[in-house]
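*Asks:* Right, I'll just put the structure down here and ask away after.
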Amino acid sequence: MWMEPKIDNDKRLNEEKRLRIRNNRHFFLLLLAFLVALVLADGVVTRFLVNNGLGSEANPFLKMWVKSDLLFVIKLVGASLAACILWILYRTKPKMAWITASIFVSAYALIIIWNIIVFYIATGRLS
């Protein structure tokens with residue numbers, strides 16, 4: 001009598017987990033692209049506020065470049081480097097990469113929201 005080989009439940013669950021992670025790869029790439037876009041948007045909003053005298057750059061490393069076009073190059077290179085590092089991390093520790101990228105996306109979203117609120121308060125459009 002032929003008996004089917006017993007499939008290890010843990011092995012099957014691990015395989016399902018790997019497939020799920022692999023299928024989420026494109027969503028993670030979208031998250032990284034969104035992170036780079038938010039970093040660049042932060043640069044645009046900050047430069048607008050500084051040039052119009054409505055705010056100042058809080059980052060001491062970027063203060064000297066905030067009125068220069070070099071700001072966007074620095075932001076793009078820095079955000080791209082961070083995205084590459086997160087992608088490398090994703091390949092070995094996907095959960096940690098998701099958490100880290102999500103925290104940075106949330107932080108930059110909050111920074112942009114804060115800058116927009118500063119704009120509305122400074123221009124008197126928000127009381």
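*Asks:* If R0 is 22 Å, what FRET efficiency do you get for L89 and L40 from their C-beta distance, rounded to 0.05?
*Replies:* Efficiency computed from Cβ-Cβ geometry: 0.50.
*Asks:* Let me ask you something else. If you filter region 64-100 for trypsin sites (Lys or Arg not before Pro), then keep DSSP loop positions with at most 13 other Cβ within 10 Å, what is left?
*Replies:* K67
*Asks:* Kirkwood hydrodynamic radius of region 67-127 from all distinct Cα pairs, in Å?
*Replies:* 13.7 Å
*Asks:* Using 0.36 nm times the number of residues separating A122 and F61, minus their current alpha carbon distance, what extension gain do you get?
*Replies:* 19.5 nm
*Asks:* Looking at region 35-127, which chymotrypsin sites (Phe, Trp or Tyr not before Pro) are in a loop (DSSP not H, G, I, E or B) and have at most 14 other Cβ atoms within 10 Å?
*Replies:* In loop regions of region 35-127 (DSSP not H, G, I, E or B), the sparsely surrounded chymotrypsin sites (Phe, Trp or Tyr not before Pro) are F61.
Every read-out reported here was derived from the displayed coordinates using simple, explicitly stated rules and does not represent laboratory data. Keep in mind that this is a model prediction, so the values were computed, not measured. Note: ideal-geometry Cβ built from the backbone for every residue, glycine included; neighbour counts use all protein chains shown.
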